[in-house]
Amino acid sequence: MAADWLVCANCAGRVSEGRCATCRAQLARQRERGPWEALTGPAGLLALVLALAAIALVVARPA
Ligand SMILES: [Zn+2]
């Protein structure tokens, strides 16, 4: 269920196998928040909204 495709940078195994402490910590975090919230947390969403607002301002400006 939780991101089976993720490969650990520490032990080069699948994170879902939980071979090292880094894998297990990542697995614990995914169980808490879900795999996608790890990628798009509050900071990521805020940056996305700011980028869209900036684009909207540039597009809406008269030439
Ligand atoms: Zn690992």
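The values are calculated or read from the model by the stated rules, or taken from the named source; none is laboratory data. Predicted model, so just to flag it, every value in this text is computed and none were measured. We place every Cβ from the backbone using ideal geometry, glycine too, and count neighbours over all the protein chains shown. All accessible areas refer to the heavy atoms of the entire protein, side chains included, with ligands and DNA or RNA removed. Shrake-Rupley method; radii C 1.70, N 1.55, O 1.52, S 1.80 Å.
For residue 59, indicate whether it is modelled with pLDDT of 90 or more, in a helix (DSSP H, G or I) and open to solvent by 100 Å² or more (accessible area, probe 1.4 Å).
Details: modelled with pLDDT of 90 or more: yes; in a helix (DSSP H, G or I): yes; open to solvent by 100 Å² or more (accessible area, probe 1.4 Å): yes.
It is true that residue 59 is modelled with pLDDT of 90 or more, in a helix (DSSP H, G or I) and open to solvent by 100 Å² or more (accessible area, probe 1.4 Å).
Looking at region 34-42, is at least one residue small (Gly, Ala, Ser), open to solvent by 50 Å² or more (accessible area, probe 1.4 Å) and at pLDDT below 90? Walk me through how you get there before you give the answer.
So in region 34-42, the residues small (Gly, Ala, Ser) come out as 34, 38, 41.
Checking the rest, the ones that are also open to solvent by 50 Å² or more (accessible area, probe 1.4 Å) come to 38.
From what's left, at pLDDT below 90: 38.
Yes, region 34-42 has at least one match.
Against the definition (under 15 Å from the mean Cα position of the chain (by Cα), at pLDDT below 75 and assigned to a helix (DSSP H, G or I)), how does residue 3 come out, yes or no? Let's see the steps before the verdict.
On the way: under 15 Å from the mean Cα position of the chain (by Cα): yes; at pLDDT below 75: yes; assigned to a helix (DSSP H, G or I): no.
So residue 3 fails the test.
Please identify the pairs in which a residue from region 8-20 that is assigned to a helix (DSSP H, G or I) has its Cβ atom under 6 Å from the Cβ atom of a residue that is near the ligand (Cβ under 7 Å from one of its atoms), counting only partners at least 6 apart or on another chain.
Taking only residues 6 or more apart or on different chains, the pairs are 15/8; 15/23.
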